[in-house]
Amino acid sequence: MTEKQANDVVYGVHATIEALEANTGNKLYIQNDLRGKNVDKIKALAGQKKVAISWIPKKTLSEMTQGAVHQGFVLRVSQFAYSDLATILAKADQEENPLILILDGLTDPHNLGSILRTADATGVAGIIIPKHRAVGVTPVVAKTSTGAVEHVPIARVTNLSQTLDNLKAENYWIFGTDMDGTPSHKWNTAGKIALIIGNEGKGISANLKKQVDEMITVPMTGHVQSLNASVAAAVLMYEVFRNKL
C-alpha cells in the first residue's frame with residue numbers, strides 16, 4: 001500500500017473501531033487536542049492490535065478525509081478485501097432461506113453504506129456489485145456503514161448477467177425492484193433469494209430484467225414516484241427478515 005492511495009483510510013469512531021477489531025488497521029491518526037472515552041477506547045484497542053498512533057492537528061485529518069466528518073479519528077487500512085461469489089454462496093448455504101443482494105450500478109457511496117448497515121442488521125448473506133460503472137468500497141461507504149462493511153461479504157464481479165446465471169444454477173430465485181410488480185407484503189420469500197436493486201436513476205438494466213423471475217414493488221400512496229435506492233432496499237430486506245422470524 002502506498003501513501004497515495006487515499007481510499008485506503010477509514011474515519012469516524014464506529015468505522016475505526018470495527019476496522020481495528022477486524023485487524024485491517026495499519027496506522028492510526030488521532031486529533032491532537034481530543035480527549036474523552038472514545039480516545040481512551042480507540043487508543044487501547046490500537047495498542048492491543050499493535051497499530052502505531054500519530055497525534056496530528058484537526059486540519060490535517062480534514063485534509064486526509066477531504067473535509068469529511070472524521071470525529072478526530074482516521075485509520076489507514078489495508079486495501080478492502082472483496083470476497084468472491086463462491087465464498088458468499090458457501091456462507092449462504094449455511095442459512096435457511098438466505099438472501100443475497102445484487103446492486104446494479106449503484107453510484108452513491110452513501111447508498112451503499114446504508115445498504116450495508118441494513119444488510120448486517122437483517123442477516124443478508126452477501127452483496128454483489130459490478131466492477132465497472134458502480135461505486136466500490138470507499139472511506140465514505142465504510143463511515144456510512146458504521147462498521148458493517150467489516151461483517152457483510154462483498155463480491156465484485158465483471159459480469160452481473162453471468163453471475164445471475166450462476167445463482168440460478170444454485171437454485172436461487174431472482175427478484176427485481178420495479179414500479180409494477182408483486183406488492184412487497186405479498187412477496188413469497190421462501191427459498192434462496194437473490195434481490196436486484198437498480199441504479200439510483202435508471203433502475204435495473206434491461207438485460208438483467210430479462211433474467212428476473214418476479215418483480216417486487218414497494219406500495220406507495222404519495223406523490224413521489226420512487227424511493228431512494230437504500231430505503232427501498234431496506235424495506236425489502238426487512239420483509240425477508242420479518243418472514244424468517
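The values are calculated or read from the model by the stated rules, or taken from the named source; none is laboratory data. The shown structure was predicted, so the numbers you read here are calculated from the model rather than taken from an experiment. Cβ placement follows ideal geometry from the backbone for every residue including glycine, while neighbour counts extend to all protein chains displayed. With ligands, DNA and RNA removed, areas are computed over all heavy atoms of the protein, side chains included. Shrake-Rupley method; radii C 1.70, N 1.55, O 1.52, S 1.80 Å.
Annotations for the structure displayed:
- Residue 46 being surrounded by 18 or more Cβ atoms within 10 Å (Cβ to Cβ) and of a type in the set (Gly, Ala, Ser): yes
- Subset of region 14-35 (residues that are free of Cβ contacts under 8 Å to residues at least 60 places away in the same chain and closer than 20 Å to residue 60 by Cα): 16, 25, 26, 27, 28, 29, 30, 31, 32, 33, 34, 35
- Here residue 89 fits the description: open to solvent by 10 Å² or more (accessible area, probe 1.4 Å) and aliphatic (A, V, I, L, M).
- 3 or more residues of a type in the set (Val, Ile, Thr) and more than 24 Å from residue 90 (Cα to Cα): qualifying helices (runs of 4 or more DSSP H) within region 139-245: 139-144
- Unmet requirement for residue 100, which otherwise passes all of (1) closer than 22 Å to residue 168 by Cβ; (2) of a type outside the set (Gly, Ala, Ser); (3) open to solvent by 10 Å² or more (accessible area, probe 1.4 Å): (3)
- Matching residues in region 180-225 - criterion: being β-branched (Val, Ile, Thr) and surrounded by 11 or more Cβ atoms within 10 Å (Cβ to Cβ): 182, 189, 193, 196, 197, 204, 212, 216, 217, 218
- Only one of the listed residues (158, 163, 144) is more than 16 Å from the chain's Cα centre (by Cα), among the polar types (S, T, N, Q) and crowded, with 19+ Cβ neighbours inside 10 Å. That residue is 163.
- Residue pairs meeting the criteria (Cβ under 9 Å; at least 6 apart or on separate chains; first within 21 Å of residue 103 (Cβ to Cβ), in region 222-245; second among the hydroxyl-bearing types (Ser, Thr, Tyr) and surrounded by fewer than 16 Cβ atoms within 10 Å (Cβ to Cβ)): none
- Of the criteria (1) open to solvent by 30 Å² or more (accessible area, probe 1.4 Å); (2) in contact with a strand residue (DSSP E or B) (Cβ under 9 Å, 6 or more places away or on another chain); (3) outside any strand (DSSP E or B), which one residue 134 fails: (1)
- Residues within region 201-221 that are farther than 21 Å from residue 114 by Cβ and in contact (Cβ under 8 Å) with a residue 60 or more places away in the chain, tallied: 2
- Residues of region 49-83 that are surrounded by 13 or more Cβ atoms within 10 Å (Cβ to Cβ), farther than 25 Å from residue 137 by Cβ and without any contact (Cβ under 8 Å) to a residue 24 or more places away in the chain: none at all.
- Qualifying helices (runs of 4 or more DSSP H) (wholly inside region 1-113; at least 1 residues being closer than 30 Å to residue 163 by Cβ and under 21 Å from the mean Cα position of the chain (by Cα)): 13-21, 85-92
- Filtered by the rule that a residue be in contact with a Ser or Thr (Cβ under 7 Å, 6 or more places away or on another chain) and at pLDDT below 90, region 136-167 gives 139, 144.
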